[in-house]
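Note sheet for the following structure.
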Protein chains: 2
Amino acid sequence: MKENRYDDEKFFKKYGEMNRSIYGLQGAGEWHDMQKLLPDFCDKKVLDLGCGYGWYCQYAIEHQAQYVLGIDISKRMLEIAKQKHSHERIEYRQMAMEDLKLDSESFDVILSSLAFHYVKDYEELISHISKWLKKGGDFVFSVEHPVFTAYGTQDWYYDENGNILHFPVDHYYEEGQREALFLGEKVVKYHRTLTTYLETLVNNGFSIEHVIEAKPPLEMMDLDGMKDEMRRPMMLLVAAQKK
Amino acid sequence: MKENRYDDEKFFKKYGEMNRSIYGLQGAGEWHDMQKLLPDFCDKKVLDLGCGYGWYCQYAIEHQAQYVLGIDISKRMLEIAKQKHSHERIEYRQMAMEDLKLDSESFDVILSSLAFHYVKDYEELISHISKWLKKGGDFVFSVEHPVFTAYGTQDWYYDENGNILHFPVDHYYEEGQREALFLGEKVVKYHRTLTTYLETLVNNGFSIEHVIEAKPPLEMMDLDGMKDEMRRPMMLLVAAQKK
């Protein structure tokens with residue numbers, strides 16, 4: 001079963017209250033790092049896998065992309081995307097990225113923001129992405145960091161008074177399904193090692209251009225819980241190029 | 001001050017009792033992964049930074065290296081190296097790798113096994129390595145994994161009965177000095193993020209070829225404590241190429 005928590009009404013409402021949903025890219029802690037990894041979009045054909053509200057689709061269009069295809073499994077997500085980020089050169093399609101069929105070498109840029117940890121078969125997905133991307137094309141994605149996904153609960157370890165002691169890591173090399181609480185709801189995610197994230201790219205004809213563990217920017221440090229994000233890596237950003 | 005615990009008699013004796021000291025490369029948990037990253041040594045000039053007993057120097061010679069220079073800060077280490085792995089095409093020099101001065105583009109291959117976490121200024125070292133290496137040359141190294149070095153003590157987190165609960169991560173983005181117990185002795189090491197390890201390579205003209213978190217091989221699983229090494233990543237192996 002493909003994970004689609006975002007079509008659950010309660011979950012979706014809570015997601016809508018997050019800073020990244022209200023303020024878009026500027027409200028996302030990883031944006032200042034992610035932005036530096038994005039390629040030139042001018043006249044490019046762009047695919048966004050797990051496009052959500054369509055913030056990245058809109059960004060690509062604002063940077064002169066020729067055409068953007070945004071894919072998301074969630075109907076509710078795409079309803080917002082169409083309201084907020086409609087454009088004659090953006091096409092939205094509701095489907096699981098695992099089911100997507102596209103022509104070989106049909107895109108110049110492929111993006112994905114915080115979606116691959118919901119995908120069970122990463123190897124197969126990367127082999128498709130490699131096929132869809134033109135030679136020399138750019139592939140940039142963010143995922144939850146393996147340190148963040150390994151243990152499973154994605155929660156800190158606390159002392160008896162509820163103070164954070166540290167972040168726990170366990171079962172690191174046991175890849176596969178985890179059940180975490182996100183926005184107070186149970187969500188199924190998939191843990192993979194850093195090795196798998198990167199070597200799968202190498203094995204599918206990509207060169208690794210950048211590997212960045214997103215760090216909260218100074219101007220967000222006063223937000224609730226943000227200082228603690230200096231204690232563990234939570235997000236992994238990768239830029240790769242099809243050789 | 002450059003870290004040289006290995007010239008402490010008690011520490012050095014304990015180090016000599018480790019499997020990797022007795023059995024060499026075959027006794028090291030990361031070897032089966034590391035071996036795959038090593039380049040063709042035939043007719044190559046090879047530099048080994050922190051060569052210890054000289055196991056890698058010997059390996060390069062056995063694989064037809066033209067010349068091998070092994071550098072180590074520890075006099076005791078090099079005494080063993082000269083006893084065990086002497087060869088007319090191996091030269092050993094006792095010095096800190098931070099103080100090494102070499103001609104530009106004078107080596108085809110640069111190796112380092114589990115030594116860079118003792119080095120304070122990684123950026124400077126990498127800029128030197130980039131200078132010393134010929135264009136197209138190979139740079140392969142192992143370090144303690146950032147997950148392993150972040151917290152500081154490098155120990156598991158236990159319950160009241162002494163059972164392992166998990167491995168703690170903290171202060172991840174605070175790079176710098178840590179004091180850990182290794183072989184029962186206090187040792188100074190330096191924590192760096194994965195981002196720093198990899199992006200410093202990119203910024204110094206390297207392409208990232210492979211990033212592997214060494215996993216204990218099946219045939220070592222029955223060794224004391226080895227099964228627990230499936231619960232956390234302990235070593236990071238990187239292969240890069242000078243562009």
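The values are calculated or read from the model by the stated rules, or taken from the named source; none is laboratory data. Being a predicted model, the structure only gives us computed values, none of them experimental. Counting neighbours? That spans all protein chains shown, and the Cβs are built from the backbone with ideal geometry, glycine included. Side chains included, ligands, DNA and RNA excluded: accessible areas come from the protein's heavy atoms. Shrake-Rupley method; radii C 1.70, N 1.55, O 1.52, S 1.80 Å.
With without any contact (Cβ under 8 Å) to a residue 60 or more places away in the chain and either over 30 Å from A:ASP222 (Cβ atoms) or of a type in the set (Val, Ile, Thr) (or both) as the only criterion, which of A:LYS101, A:LYS84 stands out?
Criteria check complete, one pass: A:LYS101.
If I filter segment A:9-20 for residues that are under 13 Å from the mean Cα position of the chain (by Cα), open to solvent by 20 Å² or more (accessible area, probe 1.4 Å) and more than 17 Å from A:ALA239 (Cα to Cα), do I get at least one hit?
yes
Kindly indicate whether B:LYS2 is closer than 25 Å to B:ASP121 by Cα and exposed (fewer than 15 other Cβ atoms within 10 Å of the Cβ).
yes
From the list A:LEU133, A:LEU181, A:LEU165, which residue is closer than 22 Å to A:MET18 by Cβ and of a type in the set (A, V, I, L, M)?
A:LEU181 is the lone residue from the list that is closer than 22 Å to A:MET18 by Cβ and of a type in the set (A, V, I, L, M).
Considering A:GLY162, A:GLY137, which residue is surrounded by 22 or more Cβ atoms within 10 Å (Cβ to Cβ) and either of a type in the set (Gly, Ala, Ser) or free of Cβ contacts under 8 Å to residues at least 24 places away in the same chain (or both)?
A:GLY137
Any idea which of B:GLU175, B:GLU199 is more than 21 Å from B:GLY54 (Cβ to Cβ), touching a His at 6+ places or on another chain (Cβ under 9 Å) and open to solvent by 30 Å² or more (accessible area, probe 1.4 Å)?
B:GLU175
Consider A:ILE126 against the criteria (1) within 14 Å of chain B (Cβ to nearest Cβ); (2) among the β-branched types (Val, Ile, Thr); (3) in contact with a Ser or Thr (Cβ under 8 Å, 6 or more places away or on another chain): it satisfies all of them except one. Which criterion is unmet?
Every condition holds for A:ILE126 apart from (1).
Among the strands (runs of 3 or more DSSP E) confined wholly to segment B:150-231, which include 1 or more residues that are closer than 24 Å to B:VAL140 by Cα, small (Gly, Ala, Ser) and away from chain A (no Cβ under 11 Å)?
B:176-182
Got a number for residues in segment B:21-58 being part of a helix (DSSP H, G or I), within 22 Å of B:GLY184 (Cβ to Cβ) and open to solvent by 30 Å² or more (accessible area, probe 1.4 Å)?
Final tally of qualifying residues: 1.
When you go through (1) within 14 Å of another protein chain (Cβ to nearest Cβ); (2) modelled with pLDDT of 95 or more one by one for A:ASP138, which number turns out not to apply?
Single failed check for A:ASP138: (1).
Under the condition of being of a type in the set (Asp, Glu) and more than 20 Å from the chain's Cα centre (by Cα), which residue from segment B:200-232 is nearest to A:HIS171 (Cα to Cα)?
B:ASP228
For segment A:188-243, what are the residues that are free of Cβ contacts under 8 Å to residues at least 24 places away in the same chain and aliphatic (A, V, I, L, M)?
If the condition is that a residue be free of Cβ contacts under 8 Å to residues at least 24 places away in the same chain and aliphatic (A, V, I, L, M), then A:VAL202, A:LEU218, A:MET221, A:MET230 are the ones that fit.
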